[in-house]
Amino acid sequence: MQRRQKIGQFIELFHPDSKTLILDIGISDIEYRESDNLFEKAYPYPDRIVALGVGDLRNFKSRYPAVQVVVYDGQSFPFRDGVIDIVYLNAVIEHVGNYKIQRMFIQECFRVGKGVFVTTPNRFFPIEVHTKLPLLHYLPKKHFDRILRYIGVGWAADNYMHLLSYRQFKSLFDHDTEIEFAKNKFLGLTVTFTAARLLNRR
């Protein structure tokens, strides 16, 4: 599912307006592709976006001056419980660390956000979406990482990504929380997953 389609899915689910405060997690200071920071490019109310990231974000700040930028240490989010209307987490959870860290990250999203929107690629889509390599990501991670380093794609190995199956993705969320899950298709195959807690479900 392409990034613009995900933004459309987000808007259709939540119907945000000029008063809705959105936390966008996982921004990029340097844009390598047109799709980088697409939410900031496409969303009609940039002054209602809080962008959360790590490291030096001076390029992002100059490119999107209306967006409030918060830099943090990558651990607990620096916000009070429930202070954000909607947390927007698009194709980020696979990059934060292993399963234990992913689960803690999701818990932080639900702590600070009244609504939450999370997407991630399907580990079992035939093409690995970051490297564009076919089928190799079906191997155990240690073997996949070894091949990535061998063929010169070592940047995608180790903690760069921990891909999730649908079962693993669903298990990141507390079972007592009302979540809407979706499998997003491309050519009849599930390419990404979405999880959403709508604003009226808390």
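The values are calculated or read from the model by the stated rules, or taken from the named source; none is laboratory data. Just so we're clear, the structure is a prediction, and the values are computed from it rather than from any experiment. Counting neighbours? That spans all protein chains shown, and the Cβs are built from the backbone with ideal geometry, glycine included.
Residues checked against (1) under 21 Å from CYS109 (Cβ atoms); (2) polar (S, T, N, Q); (3) modelled with pLDDT under 95:
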site: ARG3; (1), (2), (3): yes, no, yes
site: ILE7; (1), (2), (3): yes, no, yes
site: PHE14; (1), (2), (3): yes, no, no
site: LEU23; (1), (2), (3): yes, no, no
site: SER35; (1), (2), (3): no, yes, yes
site: ARG48; (1), (2), (3): yes, no, no
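Listed here are the residues, each with its yes/no results for (1) touching a residue at least 60 places away in the same chain (Cβ under 8 Å); (2) out of contact with any helix residue (DSSP H, G or I) (no Cβ under 7 Å at 6 or more places or on another chain); (3) of a type in the set (Val, Ile, Thr); (4) not assigned by TED's automatic domain parsing to the domain that holds LEU187.
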{"residue": "ILE11", "(1), (2), (3), (4)": "no, yes, yes, no"}
{"residue": "SER18", "(1), (2), (3), (4)": "no, no, no, no"}
{"residue": "LYS41", "(1), (2), (3), (4)": "no, yes, no, no"}
{"residue": "VAL50", "(1), (2), (3), (4)": "no, yes, yes, no"}
{"residue": "GLY55", "(1), (2), (3), (4)": "no, yes, no, no"}
{"residue": "VAL71", "(1), (2), (3), (4)": "no, yes, yes, no"}
{"residue": "GLN75", "(1), (2), (3), (4)": "no, yes, no, no"}
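Which condition does LYS61 not pass, out of (1) touching a Gly at 6+ places or on another chain (Cβ under 9 Å); (2) charged (D, E, K, R); (3) free of Cβ contacts under 8 Å to residues at least 12 places away in the same chain, if it passes all the others?
Condition (1) is where LYS61 drops out.
From VAL129, VAL116, VAL112, grab the single residue that is within 17 Å of the chain's Cα centre (by Cα), assigned by TED's automatic domain parsing to the domain that holds PHE173 and closer than 19 Å to PHE169 by Cα. It would help to see each step written out before you state the result.
Values: VAL129 fails: assigned by TED's automatic domain parsing to the domain that holds PHE173; VAL112 fails: closer than 19 Å to PHE169 by Cα.
None of the others qualify; the one that does is VAL116.
Here is a list: LEU133, LEU172, LEU189, LEU164. Which entry is touching a strand residue (DSSP E or B) at 6+ places or on another chain (Cβ under 9 Å), in contact (Cβ under 8 Å) with a residue 24 or more places away in the chain and over 18 Å from ILE101 (Cβ atoms)?
LEU189
Restricting attention to segment 109-140, which residues are assigned to a helix (DSSP H, G or I) and surrounded by fewer than 18 Cβ atoms within 10 Å (Cβ to Cβ)? Give the derivation first.
Start the filter on segment 109-140 by keeping residues that are assigned to a helix (DSSP H, G or I), which leaves 109-112, 136-138.
Listed by number, the residues that qualify are ARG111, LEU136, TYR138.
Can you tell me which residues in segment 175-186 are part of a loop (DSSP other than H, G, I, E, B) and out of contact with any strand residue (DSSP E or B) (no Cβ under 8 Å at 6 or more places or on another chain)? Before the answer, list the steps.
Step one: filter segment 175-186 for residues part of a loop (DSSP other than H, G, I, E, B), giving 175-179.
Passing the criteria: HIS175, ASP176.
Scan segment 116-125 for residues that are touching a strand residue (DSSP E or B) at 6+ places or on another chain (Cβ under 6 Å) and touching a residue at least 60 places away in the same chain (Cβ under 8 Å) and jot them down.
If we filter segment 116-125 for residues that are touching a strand residue (DSSP E or B) at 6+ places or on another chain (Cβ under 6 Å), which is where we start, we get 116-123, 125.
Residues satisfying the conditions are VAL116, PHE117, VAL118, THR119, THR120, PRO121, ASN122, PHE125.
Is it true that LYS183 is within 24 Å of GLU12 (Cα to Cα), surrounded by fewer than 18 Cβ atoms within 10 Å (Cβ to Cβ) and in contact (Cβ under 8 Å) with a residue 12 or more places away in the chain? Break it down into steps so the answer makes sense when it comes.
Values: within 24 Å of GLU12 (Cα to Cα): yes; surrounded by fewer than 18 Cβ atoms within 10 Å (Cβ to Cβ): yes; in contact (Cβ under 8 Å) with a residue 12 or more places away in the chain: yes.
Here the answer is yes, as LYS183 does meet what is asked.
Look at segment 162-176 and say how many of its residues are surrounded by 14 or more Cβ atoms within 10 Å (Cβ to Cβ) and of a type in the set (S, T, N, Q).
In the first step, residues of segment 162-176 are kept if they are surrounded by 14 or more Cβ atoms within 10 Å (Cβ to Cβ); the result is 162-164, 166, 168-173.
When the remaining residues are screened for being of a type in the set (S, T, N, Q), the result is 168, 171.
Residues in segment 162-176 being surrounded by 14 or more Cβ atoms within 10 Å (Cβ to Cβ) and of a type in the set (S, T, N, Q): 2 in total.
Could you list, in sequence order, all residues of segment 148-161 that are without any contact (Cβ under 8 Å) to a residue 60 or more places away in the chain, surrounded by fewer than 15 Cβ atoms within 10 Å (Cβ to Cβ) and not acidic (Asp, Glu)?
Step one: list which residues in segment 148-161 are without any contact (Cβ under 8 Å) to a residue 60 or more places away in the chain, which gives 148-158.
Among the residues that remain, those that are also surrounded by fewer than 15 Cβ atoms within 10 Å (Cβ to Cβ) are: 149-152, 154-155, 158.
The answer is ARG149, TYR150, ILE151, GLY152, GLY154, TRP155.
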